[in-house]
1. Mean shadow of the stretch 6-223, computed from the convex hull of its alpha carbons, in nm²?
2. When the Cα atoms of the stretch 21-130 are enclosed in a convex hull and the volume is divided per residue, what value in Å³ results?
3. Using the number of other C-beta atoms within 10 angstrom as an exposure proxy, rank PHE165, PHE77, PHE43 with the fewest first.
4. Tell me, HIS38, HIS105, HIS147 in order of fewest to most beta-carbon neighbours within 10 Å?
5. Test of understanding: express the Cα radius of gyration of the stretch 139-208 as a ratio to 2.2 N^0.38 Å, with N the residue count.
6. Pairs to check: LYS126/LYS168; LYS4/LYS171; LYS67/LYS168. Give those whose C-alpha atoms are more than 23 Å from each other in this structure.
7. Which order do the peptides 149-159, 130-140 come out in when sorted by mean C-beta neighbours inside 10 angstrom, highest first?
8. When the C-alpha atoms of the stretch 40-94 are aligned to their principal axes, what extent does each axis show, in angstrom, from largest down?
Amino acid sequence: MDPKRRFAVIVAGGKGVRVGGSIAKQFIEVRGKPILVHTIEAFLNSSAQTIVVVISDSYLSLWAEIKKNWFSDTAIFVASSGETRFESVKNGLDLVTGEGVVAIHDAARPCVTVEIIDTAYEQALKVGSAVPVIPLKDSIRKKIGNHSQAQDRAQYLSVQTPQVFEIKLVKEAYRKAKSIQYTDDASVVEALGVEVQLITGAYQNIKVTTAEDLDLVDLYFKKKPTKSRFLIFILIEEKIFFCWIIWPYLFDALVRIPVVFQLLQIFHYFKWRT
């Protein structure tokens, strides 16, 4: 077994009641795709080798439709979710075998980048764990009964996913855990007495929790560069030449227009010379 094998467990079993709507948040469409599809695509574009999706049995028919429409030729394993996130992750880890590392990621974080995923994998392969975090932007207060107390935000970090761990380590942590109320995987591993290692996350890697978060996700994918096709009509000597340029950025495509003109000029120069 490859000791550097990279698994991913994508937790998609939640109900997402705070977002509202008739379906769970991971199935809400943003820019023509369910949130879950955006999330899986991020891992397919990364160095992940095996993907496990943890999903509620009540959503299996919906998942089958997604699999057919978006990932018909891709092997994706499915585990049943539990009553809590802890139980769902544990079920997903049951399908992870052998040596290597496993990324545990919330399906409701569709804006995760390939860079964060692969950086987390590399870090975990070196030191056993990788947990993305970001500094807090807002001032924070600690609630004490009916009162509150200001806190130093510099002493706190916001924790994100994917959280990546050595497979043997995280499976042992989940097996020995004495509570099922943990809200993230770093806490489970830490309860085993192991210090987790941090990496830099990204503010764009938000977790869809409320309806307002959907607007932020939509904005992110609206601005995210994608491969586009631009049709350039070039009129030279009363003839129309069609030049297809495929490039991730419109700016780069436009920069190349003068080059096209130069090539056409050279072509016509030799055409008339002969």
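1. That works out to 13.0 nm².
2. Value for the stretch 21-130: 112 Å³ per residue.
3. Ascending Cβ contact count within 10 Å gives the list PHE77, PHE43, PHE165.
4. Placing the least packed residue first, the sequence is HIS147, HIS38, HIS105.
5. 1.37
6. LYS67/LYS168
7. Averaged packing, sorted descending, gives the order 130-140, 149-159.
8. Reported extents, whole Å, longest axis first: 30, 26, 15.
Rule-based calculations on the coordinates, nothing more; no lab input. Note that the coordinates shown come from a computational prediction; the quantities given were computed from them, not determined experimentally. No Cβ is skipped: glycine too gets one built from the backbone with ideal geometry, and neighbour counts run over all protein chains shown.
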